[in-house]
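For reference, the structure discussed in these notes is given below.
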Amino acid sequence: MTVSEITTWQGDVEQLKGLVSERALSGETMVLNMGPQHPSTHGVLRLLLELDGENIISCVPDVGFLHTGIEKNMEAKRYEQAITMTDRMDYLSPMGNNLVYCLAMEKLIDLDVPLRAQYIRVLLAELTRINSHLVWLATHALDIGAMSVFLYCFREREKLLDIFEIVSGQRMMSTYFRPGGLWRDVPEEFEPAVRDFLDYFPGKIDDYENLLTSNPLWLDRTQGIGFLSADDAIRLGCSGPTLRGSGVNWDIRKAIPYSSYDHFDFEVPLGQHGDVYDRYIVRMKELRQSLHIVRQALDNLPGGPVRSNNRKYVPPPRSELGQSMEAVIHHFKLWTEGFRPPEGEVYVRVESPRGELGCFLASDGSPKPWRVHFRTPTFVHLSALPHMAKDHLIADLVGIIGSIDIVLGDCDR
Amino acid sequence: MDPVAALREAFPDAVRDTQEFRGELTVIVDGVRIVDICRHCRDTAGLEYNFLSDVTGIDYLPQEPRFGVVYHLYSMLHNRSLRLKVLLSAENPIVPSVIPVYAAANWFEREIYDLLGIMFTDHPDLRRLLMPEDWDGHPLRKDYPLGYETVQFSFNFDEVDRHKPYAKE
């Protein structure tokens with residue numbers, strides 16, 4: 001296609017009817033495609049924008065470019081096999097996804113989880129939150145033009161990925177949480193690595209804040225933009241930092257504590273205005289609160305086993321296989337056939353770095369889940385994006401997208 | 001206030017059944033009244049389910065009624081959850097959209113329409129969401145096979161390539 005063909009191409013106007021206003025169809029306003037390949041859409045997200053000059057009249061998100069049919073695929077796998085698929089949904093928070101799926105399985109079969117495993121889960125979930133917030137801060141700042149923050153955040157993220165590698169052998173797709181506990185106990189070098197990070201990281205948060213929090217350029221680009229009132233946030237289903245930036249105090253870790261979050265002391269940071277800047281402030285404070293939780297978990301880490309002793313659902317330790325016939329039978333049954341949870345349907349929600357991550361799990365009593373559905377925060381926040389973007393300048397849209405912290409793998413699944 | 005008693009009192013003919021499993025309450029209701037029931041759940045003092053967490057669909061093939069639409073409501077004021085479920089027949093999977101009550105339902109209903117083929121009446125923009133616009137069928141239905149792609153090695157490269165659906169010159 002030559003350049004002149006591209007510029008004179010009219011496209012199929014029929015397809016746009018109902019999505020943009022009549023003014024756009026008559027050529028009075030301009031219709032612009034942002035994405036799917038655009039560096040500040042954080043993945044493959046296409047936005048159909050109707051512009052009057054630089055003002056956004058309407059914004060229609062088009063998602064599904066990363067749809068991999070995870071929910072359908074999980075129906076064809078046994079419960080425990082399907083954990084690996086959850087890592088790949090929200091690839092910045094793999095342990096958070098493992099957690100919600102394992103909690104759903106444990107609720108379905110009423111399985112106990114030893115306290116040590118619960119604490120390690122909390123510890124790693126919070127490190128994952130820091131990991132995810134670091135990538136959010138890096139890309140959000142980069143979109144608005146702060147290049148150095150991007151490099152600093154990725155430098156610190158390396159240390160976290162190293163910790164994940166220590167526990168699970170994988171830097172990103174860890175699959176470390178299993179029904180009834182963990183894959184195995186944390187190795188010796190885990191605690192010193194986390195302590196190093198705890199000493200090292202608070203100063204780095206100060207560095208980021210020195211660069212951004214009262215930087216006039218940053219304030220100009222973020223304050224009073226992407227306004228979301230508390231009522232609208234609830235109405236549109238927003239959760240997590242996006243909701244708390246609007247001043248609604250709802251954190252699932254406090255409201256419906258899971259995995260012994262009620263043993264930990266932490267604050268829930270709130271914003272006041274519901275703009276991009278307040279959502280930034282909430283996440284920066286959350287970084288410090290997460291560190292606080294990690295420190296408590298590490299200081300109070302109880303001893304004991306990290307997997308449930310219920311052999312009908314949790315495979316026996318390797319050491320028993322040479323001595324107990326029963327252990328061999330359980331091992332064989334669990335790894336060939338899988339376990340059979342009772343019939344029923346459960347819904348479990350956790351506070352992922354982005355907001356409410358829910359898992360609806362339906363069982364028909366067979367070793368494979370009948371239906372798995374994930375309620376993902378990015379999905380809901382993207383559906384609220386048109387409301388936030390309306391009447392803003394197109395340059396501010398980039399900041400708004402950054403402030404709701406989207407991960408397209410989380411949205412499309 | 002007990003949500004089941006409140007719903008039974010307000011909609012005596014629309015509440016079909018209630019179930020409790022692992023401390024989670026499910027109320028199976030008549031699909032035709034779902035908008036009124038949701039509005040009642042949101043606005044009645046003592047219930048105040050102000051937050052729609054999730055809407056999803058489920059295919060119970062070969063059972064009849066075949067489809068279910070599941071609504072997860074949450075009340076921030078009372079810190080309580082409620083699951084509403086609507087059962088739909090295989091021939092006529094249509095249910096009214098709850099967008100007038102919960103704006104958050106918009107994309108969830110589009111997703112269910114896309115993946116399970118359940119229709120939502122009065123939905124402002126019921127298009128496919130995740131699958132391509134011209135896709136045939138609804139992948140999360142149980143009678144829709146899980147596809148796979150043959151791995152392409154050097155010895156069968158051309159053979160596999162011939163069956164690929166992409167546009168050729």
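Failed condition for B:ASN92, given (1) out of contact with any strand residue (DSSP E or B) (no Cβ under 8 Å at 6 or more places or on another chain); (2) facing chain A (nearest Cβ under 9 Å), with all others met?
That leaves (2) as the condition not met.
Hey, can you tell me all the residues within region A:315-337 that are closer than 14 Å to A:ARG78 by Cβ and crowded, with 18+ Cβ neighbours inside 10 Å?
A:PRO315, A:LEU334
Of these, A:ARG171, A:ARG157, which one is within 20 Å of A:LYS285 (Cα to Cα) and of a type in the set (D, E, K, R)? Quick ask: steps written out before the conclusion?
On the way: A:ARG171 fails: within 20 Å of A:LYS285 (Cα to Cα).
So the residue among A:ARG171, A:ARG157 that is within 20 Å of A:LYS285 (Cα to Cα) and of a type in the set (D, E, K, R) is A:ARG157.
Checking B:ALA103 against (1) loosely packed, with under 15 Cβ neighbours inside 10 Å; (2) without any contact (Cβ under 8 Å) to a residue 24 or more places away in the chain; (3) under 27 Å from B:ASP125 (Cα atoms); (4) among the hydrophobic types (A, V, I, L, M, F, W, C), only one condition comes out false. Which one?
(1)
Looking at region B:124-150 only, could you name the residues that are buried (at least 16 other Cβ atoms within 10 Å of the Cβ), within 21 Å of A:PRO61 (Cα to Cα) and either at the interface with chain A (Cβ under 10 Å from one of its Cβ atoms) or out of contact with any Phe, Trp or Tyr (no Cβ under 8 Å at 6 or more places or on another chain) (or both)?
Scanning region B:124-150 gives B:ARG128, B:LEU129, B:LEU130, B:MET131.
Can you confirm whether A:PHE266 is within 22 Å of the chain's Cα centre (by Cα) and assigned to a helix (DSSP H, G or I)?
no
Mind listing whichever residues of region B:17-57 are surrounded by fewer than 22 Cβ atoms within 10 Å (Cβ to Cβ) and in contact with a Gly (Cβ under 8 Å, 6 or more places away or on another chain)?
Of everything in region B:17-57, those that are surrounded by fewer than 22 Cβ atoms within 10 Å (Cβ to Cβ) and in contact with a Gly (Cβ under 8 Å, 6 or more places away or on another chain) turn out to be B:PHE21, B:ARG22.
For B:VAL4, which of the numbered conditions (1) closer than 25 Å to B:ARG127 by Cβ; (2) away from chain A (no Cβ under 14 Å); (3) part of a helix (DSSP H, G or I) fails to hold?
Only one criterion is unmet by B:VAL4, namely (1).
Given the options A:ARG295, A:ARG253, A:ARG288, name the one that is within 14 Å of chain B (Cβ to nearest Cβ) and under 28 Å from the mean Cα position of the chain (by Cα).
When all the criteria are applied, what remains is A:ARG253.
From the list A:ASP52, A:ASP110, pick out the single residue that is under 29 Å from A:SER366 (Cα atoms) and either surrounded by fewer than 20 Cβ atoms within 10 Å (Cβ to Cβ) or in contact with a Gly (Cβ under 7 Å, 6 or more places away or on another chain) (or both). Please lay out each step first, then the result.
Details: A:ASP52 fails: under 29 Å from A:SER366 (Cα atoms).
Result: A:ASP110 is the single residue among A:ASP52, A:ASP110 that is under 29 Å from A:SER366 (Cα atoms) and either surrounded by fewer than 20 Cβ atoms within 10 Å (Cβ to Cβ) or in contact with a Gly (Cβ under 7 Å, 6 or more places away or on another chain) (or both).
Of the residues A:PRO342, A:PRO353, A:PRO367, which is farther than 20 Å from A:LEU108 by Cβ, at pLDDT 90 or above and either out of contact with any Lys or Arg (no Cβ under 9 Å at 6 or more places or on another chain) or more than 11 Å from chain B (Cβ to nearest Cβ) (or both)?
Criteria check complete, one pass: A:PRO353.
Among (1) surrounded by 11 or more Cβ atoms within 10 Å (Cβ to Cβ); (2) more than 10 Å from chain A (Cβ to nearest Cβ), where does B:ILE112 come up short?
Checking B:ILE112 against (1) surrounded by 11 or more Cβ atoms within 10 Å (Cβ to Cβ); (2) more than 10 Å from chain A (Cβ to nearest Cβ), the one that fails is (2).
Being farther than 30 Å from B:PRO145 by Cβ, more than 10 Å from every other protein chain (Cβ to nearest Cβ) and not polar (S, T, N, Q) is the filter here; which residues of region B:43-79 pass it?
If the condition is that a residue be farther than 30 Å from B:PRO145 by Cβ, more than 10 Å from every other protein chain (Cβ to nearest Cβ) and not polar (S, T, N, Q), then B:ASP43, B:ALA45, B:GLY46, B:LEU47, B:GLU48, B:TYR49, B:LEU73, B:LEU77, B:HIS78 are the ones that fit.
Conditions (1) more than 30 Å from A:ALA297 (Cβ to Cβ); (2) buried (at least 20 other Cβ atoms within 10 Å of the Cβ); (3) in contact with an Asp or Glu (Cβ under 7 Å, 6 or more places away or on another chain), marked per residue:
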residue	(1), (2), (3)
A:TRP218	yes, yes, no
A:GLY226	yes, yes, yes
A:SER239	no, yes, yes
A:LEU243	no, yes, no
A:SER246	no, yes, no
A:ASP251	no, yes, yes
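Exactly one condition in (1) outside any loop (DSSP other than H, G, I, E, B); (2) over 30 Å from A:PRO257 (Cβ atoms); (3) free of Cβ contacts under 8 Å to residues at least 12 places away in the same chain is false for B:ASN92; which is it?
If we test B:ASN92 against (1) outside any loop (DSSP other than H, G, I, E, B); (2) over 30 Å from A:PRO257 (Cβ atoms); (3) free of Cβ contacts under 8 Å to residues at least 12 places away in the same chain, just (1) comes out false.
Identify all residues within region A:29-82 that are within 13 Å of chain B (Cβ to nearest Cβ) and among the β-branched types (Val, Ile, Thr); write none if there are none.
A:VAL44, A:VAL60, A:VAL63, A:THR68, A:ILE70
Give me the residue from region B:12-42 that is assigned to a loop (DSSP other than H, G, I, E, B) and among the acidic types (Asp, Glu) and, out of that set, nearest to the other protein chains (Cβ to nearest Cβ).
B:ASP30
With the requirement that a residue be within 14 Å of chain B (Cβ to nearest Cβ) and out of contact with any helix residue (DSSP H, G or I) (no Cβ under 8 Å at 6 or more places or on another chain), what does region A:83-111 give you?
A:LEU103, A:ALA104, A:MET105, A:GLU106, A:LYS107, A:LEU108, A:ILE109, A:ASP110
Give, as residue ranges, the helices (runs of 4 or more DSSP H) completely inside region A:163-255 that count at least 2 residues that are of a type in the set (Ser, Thr, Tyr). Working first, answer last.
Working: elements: A:190-212, A:216-222, A:230-235, A:240-244, A:252-255.
So the answer is A:190-212.
Could you check region A:27-82 for strands (runs of 3 or more DSSP E) lying wholly inside it with 2 or more residues that are over 19 Å from the mean Cα position of the chain (by Cα) and at pLDDT below 85?
Correct list: A:30-34.
The values are calculated or read from the model by the stated rules, or taken from the named source; none is laboratory data. As the structure is a prediction and not an experimental result, all values here were calculated from the model. We place every Cβ from the backbone using ideal geometry, glycine too, and count neighbours over all the protein chains shown.
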